[in-house]
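Okay, so here's the structure we're looking at.
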């Protein structure tokens, strides 16, 4: 499984990591490398939940002309 992980610096220092396709899957750390390790652990814990709690398929973007 491939997931997109976003990592950005926090205003107060450190880094914030999250997974856009897994609502609520976030982590904060002092370094970027630590943020990546922590978000990997957060993803594992997130995916251990019951199947009915996992998000459905990703939304599709459909353009319609009127």
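The values are calculated or read from the model by the stated rules, or taken from the named source; none is laboratory data. Please read these numbers as outputs of a predicted model, since none were measured by experiment. Methodologically, a virtual Cβ is constructed for each residue, glycine included, from the backbone with ideal geometry; neighbour enumeration extends over all protein chains shown.
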Among strands (runs of 3 or more DSSP E) entirely inside the chain, those with 1 or more residues being touching a strand residue (DSSP E or B) at 6+ places or on another chain (Cβ under 8 Å) and modelled with pLDDT under 80 are none
Pair list, Cβ under 7 Å, 6 or more apart: the stretch 4-24 residue surrounded by fewer than 16 Cβ atoms within 10 Å (Cβ to Cβ), other residue part of a loop (DSSP other than H, G, I, E, B) and modelled with pLDDT of 95 or more: 14/30
